[in-house]
Amino acid sequence: MIKGVIFDLDGTLIDTIDDIGNSTNLMLEELGFKTYGRQDYKLMVGNGFRNLVISALPDGSSEELIDKAYDRFVYYYDLHYKDTSCPYDGIISLLKELNAKGIMIAVNSNKRDDYTKALIKQLFGDVNFVEVVGQREGVPSKPSPDGAKIILDAMNLNNEEVVFVGDTKVDIATGKNAGLKTIGVLWGFRDRQELEIAGADDIVATPKEILAIVDRE
């Protein structure tokens, strides 16, 4: 029986790609490099902001340049991370229904912890999350299971009682590394093929299907 659900944030609960992409492009323009489009950024995100910056810069960029670019990205993202980011259709009703059913919910993201918590507070203020774990000092990023294990401890549940939901192979690997069943979602940043290759236990096209899986299990 499923008693807890751990969600990824970007590409799973919230469409953040335009704010991330626009902030990265502002940094790239400032430094004189080529910019990228929305579809490009869907393939570049998921492993934390420093890795995003490395992917956006020319191959072989120096650590000095990477550090400078990262600082400028953070400057722009601080200004713009709430501009257009919003929940996907059906997500708020899904979360509220899980709350109503007594299913514990949490977030495990590779987005920096302060941004993660701020977006959750702004967009899901009346939803009850047991725990929100973003990228933070001392906790390895996904696909390490460390963040998920913090959440499992907060939920006080066994592995077989919790499912991990995300839109990328990193999320599926995180769930597997934590010994959890996994659900891949198709409304996010990656496609069915990536989720199938990653070995997702279920793949869904709508939030309502997550409820059906929770009820089934």
From phi via Karplus (6.51, -1.76, 1.60), per-residue ³J(HN,Hα) for region 138-155 in Hz, x at Gly/Pro: x, 10, x, 6, 4, x, 4, x, 4, x, 4, 5, 4, 5, 4, 5, 5, 6
Anchor K96: aspartates and glutamates whose Cα lies under 14 Å away (excluding residues fewer than 8 positions away in-chain): D126
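In deg cm²/dmol, rounded to 500, what helix-only [θ] at 222 nm does the chain give when every DSSP H run of at least 4 residues adds -39500 (n - 2.57) and the total is split over its residues? Write out the running numbers ahead of the final one.
Working: 10 runs with 106 residues, N = 217.
Computed ellipticity for the chain at 222 nm equals -14500 deg cm²/dmol.
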Options G166, Y115, G90, ranked by Cα towards positive dipole end of region 50-173, top entry (Cβ charges): G90
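What FRET efficiency comes out for D18 versus T206 if R0 is 30 angstrom and r is the Cβ-Cβ distance? Round to the nearest 0.05. All intermediate terms of the calculation are to be shown ahead of the outcome.
Working: r = 22 Å, r/R0 = 0.73.
Using R0 = 30 Å, I get an efficiency of 0.85.
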Between helix 63-80 and the chain: long-axis angle, C-alpha atoms, 0 to 90°, nearest 10: 60
Among G138, G102, G125: highest mean-square fluctuation, GNM of the chain, C-alpha pairs under 10 Å: G138
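If you count the DSSP beta bridges with both ends in the chain, what percent of them are antiparallel, to the nearest 5?
Numbers: 3 of 23 bridges.
Percent antiparallel among DSSP bridges in the chain is about 15.
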By average C-beta atoms within 10 angstrom, highest first, the peptides 54-66, 4-16: 4-16, 54-66
Across K82/K111; K68/K176; K82/K176; K117/K142; K34/K68; K3/K142, pairs whose alpha-carbon gap is larger than 24 Å: K68/K176; K82/K176
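Quick note: the coordinates plus some simple rules give every number you see, no bench work behind them. Just so we're clear, the structure is a prediction, and the values are computed from it rather than from any experiment. Cβ atoms come from the backbone with ideal geometry, glycine included; neighbour counts cover every protein chain shown.
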